Every structure is written in C-alpha cells, then in structure tokens.
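First the structure, in the form of structure tokens, and then the observations on it.
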Amino acid sequence: MNSDHAHAGHALRDAMRLPAKAWTLPAAAAGLAVGAGSYWLDHHRFWFSFLTVFLFLMSISLGGLVFVVIHHLVRARWSVVVRRQAEHLMMNVRFLALLAIPLFAFGMEHLYHHWMHPGDDALLARKASYLNPTMFTARTTL
C-alpha cells in the first residue's frame, strides 16, 4: 500500500465522521423536551428533582475543587495526571452557576413555600429575617 492510498483512506474516513459536537444540539433539545414535559406533568416534583440533580452535580464539581486546592497547598508533584481530571470536574461550576439562576428565580416558591409563607406559625414568623428568599440566595451564593 503506498502513501497516497493510505492518505486517501484517512481523508475519506475523516469526511464521513461527524463533527465532535454534532450530538450536542440534539441532546440538548431532547433534554429540554423531557424537562418541559416533566414540568408540565408535575411542576412541584420537577423543582425537587432539579434541586437534587443540581446539588449532586455541584457536590462533584466542588469535590474536584477541594482535591485541586489540597494538592496545590501541599505541592504534591505525584498528582499531576489525577489532578487534571479533578480540574476538568471543577470546570462545571461555571455551568452550574447558570443553572442556579432558574432555581433561584422560579423554583424557590415551590421548594420552600412552607417557610416563605409562615402563616400562623409563631416560630417561623420569628425566623422570617433569616428564612426569606433574599437571605437564602445570599447564603447559597456566598
């Protein structure tokens, strides 16, 4: 096999291969469709599921951050390869910060309605300065 024939085979294979991000838009559209359908079926359960997934992903990303910080603090040289994986996990924090916006803007009423509207509960009425949407957002973001 000569080099021209091998080069033509690689060019054909590269032309037939989908771009690396070709699956991103259909997957995002399918995820949005499933999310909209679940919101339409039961919006109360949707926000609890959203919060669960959000906190799960955030805990993995923050775990990667803690791993990287500890290894930088102790100046560990052995962990370069493993640390790269943790740095990639840590990169999700920016994306999750964007996902927190709908949670704070629209989900608070469904998730924490029992303490946002204390009604006749004297204990919740005394804690109203701490248990309100503004303080919750400030505690979460700081």
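What follows draws every value from the coordinates through simple rules; no lab data is involved. Keep in mind that what you see is a predicted model, and the values were worked out from it rather than measured. Note that each Cβ is placed from the backbone with ideal geometry, even for glycine, and that neighbours are counted across all protein chains shown.
Structure notes:
- Of the labelled figures (1) 34, 17, 12; (2) 45, 26, 9; (3) 51, 17, 10, only one reflects semi-axes √(5λ) of the Cα gyration tensor in Å as derived from the coordinates, namely (2).
- Seen against the Cα atoms of the chain and their longest principal axis, helix 3-16 is set at about 30 degrees.
- For the stretch 39-80, the fraction of alpha-carbon pairs lying more than 12 Å apart is 67 percent, rounded to a whole number.
- Inter-label distance, residue 106 to residue 32: 1.2 nm, where each label sits 7 Å from its Cα along the C-beta direction.
- With a Förster radius of 22 Å applied to the beta-carbon distance between residue 23 and residue 56, the computed FRET efficiency rounds to 0.45.
- Using the Cβ-Cβ distance between residue 43 and residue 88 with R0 set to 35 Å, the FRET efficiency works out to roughly 0.55.
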